[in-house]
1. Go over the candidates Val471, Val419 one by one and state the one that is of a type in the set (Val, Ile, Thr) and closer than 18 Å to Leu488 by Cβ.
2. Run down Lys476, Lys460, Lys490 and say which single residue is under 17 Å from Arg370 (Cα atoms) and among the basic types (Lys, Arg).
3. Kindly list, by first and then second residue, each pair from a residue in the stretch 493-508 that is small (Gly, Ala, Ser) to a residue that is buried (at least 20 other Cβ atoms within 10 Å of the Cβ) and not in a helix (DSSP H, G or I), limited to pairs with Cβ atoms under 7 Å and residues at least 6 apart or on different chains.
4. Name the single residue, out of those in the stretch 249-263 being open to solvent by 10 Å² or more (accessible area, probe 1.4 Å) and under 24 Å from Trp331 (Cα atoms), that is nearest to the ligand (Cβ to nearest atom).
5. When only residues in the stretch 364-394 that are within 39 Å of the chain's Cα centre (by Cα) and outside any helix (DSSP H, G or I) count, which is surrounded by the most Cβ atoms within 10 Å (Cβ to Cβ)?
6. In the stretch 395-406, which residues are part of a helix (DSSP H, G or I) and open to solvent by 70 Å² or more (accessible area, probe 1.4 Å)?
7. So Arg451 passes all but one of these: (1) under 20 Å from Ala396 (Cα atoms); (2) more than 25 Å from the chain's Cα centre (by Cα); (3) part of a helix (DSSP H, G or I); (4) not acidic (Asp, Glu). Which condition number does it fail?
8. Can Asp409 be described as without any contact (Cβ under 8 Å) to a residue 12 or more places away in the chain, at negative phi and open to solvent by 70 Å² or more (accessible area, probe 1.4 Å)?
Amino acid sequence: APNSGGDRGGAPRSRPAPMVRDGTMTASSRPVRVRIAPSPTGDPHVGTAYIALFNYVFAKQQGGKFILRIEDTDQSRARADSEQMIFDALRWVGLSWDEGPDVGGPFGPYRQSERKAIYAEHARLLIERGKAYRCFCTGERLAEVRAAKIAAKDSFLGYDRHCRAGERAESDARAAAGEAHVVRLIVPDGQVVVRDRLRGEVTFDLAQIDDQVLLKSDGMPTYHLANVVDDHLMEITHVIRAEEWISSTPKHVLLYQAFGWDEPAWHHMPLLRNNDKSKISKRKNPVSINYYRDAGILPHALLNFLGLMGWSFGDDREKFTLAEMVEAFTWDRISLGGPVFALDKLTWLNEKYIHELSNEELADALIAWRLRKDYLAQLVPLVRQRIKRLDDFVPATTYFFAGDLDYADVAAELAIPEVAPADVAKGLLGYVDRIEAREGWDHAGLEAEARAWCEALGWKAKHAFMLLRLVVTGRKASPPLFETMAVLGKELTRRRLRQAAELIGKRA
Ligand code: GLU
C-alpha cells in the first residue's frame, strides 16, 4: 500500500524545514503528500477547486496530507485580495488543507514570496554543480539575437546560450561586483521522458527547450525553480495538476535530474472545457468559484459536479458525497477526453441536492446565501427612500436576489443610439474587462471606470449609464447605479453584462 512507508507517517515534526534536502527516499516509499499551488492572480478559479478536489480525495484515501502552497513570486500579477479569496472559496466548497500559509505546518513558509533565500541557495547549488550558469546578457542583446534568428528563419528562437561558455571565475567576479544577471538552467541535448501516470510516457525533444531562466535579475525565482524546489522540500510525492502544465514538466524533470532528486509521480488531469470543447474561459463560462456561490449553487453540489469532471464513480452513478468519492476513488476511472463544464448538468445536480434538504436546512441555505442580515443591511440604504411600506421592499429589490435576468420587457432598449448592436455588445464586454482588471469592488471605482469607458467609446454617459442600468437591474429606474452594482457584487454584475452582450450580439 502506498502508505506503508512506516516510521514517518503522519507524526508531527518539530525540526525547522532544512534549506536543502537530499533525495534518498523514493516516491512510493514515502507517506503521501500532495499539494495545490495556486497563484493569487485574480478570482478563485473553478479549475483550482477541481484540482484541489482530486488532490484532497487522493490524500484522504491514502491517509496522506493535502498542502496548500501559494505561488506568488510573479509580483506583477499578484493581487492582494486574491489569496484570501482562494482560502475562502476552497473552504466554502468544503475542502480544507492540512498545511498552508494560514494554518501553518512543519514545511513552511507556504508562501513562495517568503522563501526567496531558499531558491537563491538552490540556484547557487546548481551553478556550483555545473548544471546552471549566470547569464549577463542585456535585454537589448536578447532582442537582437532573437531578431537575427527570425531573419534567418531559425526554427528555435530561444536564447543562444552565449553565457554558457563563460568561465566560472569570471562569472563569480562579475556577480560579486553586483552586475545584473539571471541564472539559467543548462538544458542538455537529447530527449526527456515524462512518465505521467495517466498518460504514459511522453517524450520531449530538448532541442526545442530554451535554457530556462531559474532566477530572475531581481533575485526572484521563476515558476519552474520555485515549484520544483518546494515540491522537493515539502516532500510532495504526487503532483496532481492540470494538463496545461504538462509542457512545463520536462523542464521540471530536468531540474530533478540536475539536483539529483527523485521525481514525484506525475498526474496531469484533463482540462475543463466550455460547451464548445475549448479550454474553459470566462468569456464563455463563469469560472470564478464565487459566481457559483452567488448564483445559489450548493457547495456540495459543486464539489460533486467537479468530481464528475474527468472521473467516473462507476455504475453510471452521478450523485455522490465527498466521503463516498474518497472511498471509491481510483486513477483508472479518470478519462482524459476533456470534461465539459456544463452548467445545465450542474443545475440538475443542484436541484437534486436542494430537494433533499429538509425545510429547515433549505431555509438555512437561503439565509446563508443572500437573506443574511448583513446583506439586507447593505440594501436598506439603497431603497429606503423608495419604499412607503415594508411590503414594498421585496418588489423593489428582486434583482438583488436573482441570478440571470429576463430582459424580454426591455430588450428594445438595450441599445446605444446610432451604434450597431455588435458594437454595443463589444462595448459592454469592454466594460467587463475594465472592472475585472481593477482590484477591489467599490462604487467609486466602478463609476470612474464607467466614465473612462464611455468616453473612450465616444458614447454619451447618459446613454451608456442607462444601458448599464437596464442590464444590471432589468429596469429603467433603480437606486444609484454604481452603488447598486457594488452591492449586487462582482459575480452577478459581470454575468449580467456578459449575458446581455450575448443577447445584443445575436441581434447583429
Ligand atoms: N502556480 C501554478 C498554478 O497557478 C502551479 C501549477 C502546479 O501545480 O505546478 O496553478
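The values are calculated or read from the model by the stated rules, or taken from the named source; none is laboratory data. Quick caveat, the model's predicted, so the values are computed rather than measured. Virtual Cβ from ideal backbone geometry, glycine too; neighbours counted across all protein chains shown. Keep in mind that these areas ignore ligands, DNA and RNA; they rest on the heavy atoms of the full protein, side chains included. Shrake-Rupley method; radii C 1.70, N 1.55, O 1.52, S 1.80 Å.
1. Of Val471, Val419, the one residue that is of a type in the set (Val, Ile, Thr) and closer than 18 Å to Leu488 by Cβ is Val471.
2. Testing whether each residue is under 17 Å from Arg370 (Cα atoms) and among the basic types (Lys, Arg) leaves just Lys490.
3. Close Cβ pairs (under 7 Å, with a partner that is buried (at least 20 other Cβ atoms within 10 Å of the Cβ) and not in a helix (DSSP H, G or I)) amount to Ala500/Leu414.
4. Across the stretch 249-263, the extreme among qualifying residues is Glu263.
5. Ranking the qualifying residues of the stretch 364-394, first place goes to Arg370.
6. Hit for the stretch 395-406 is Pro395, nothing else.
7. (1)
8. Considered against the rule, which asks whether it is without any contact (Cβ under 8 Å) to a residue 12 or more places away in the chain, at negative phi and open to solvent by 70 Å² or more (accessible area, probe 1.4 Å), Asp409 comes out as no.
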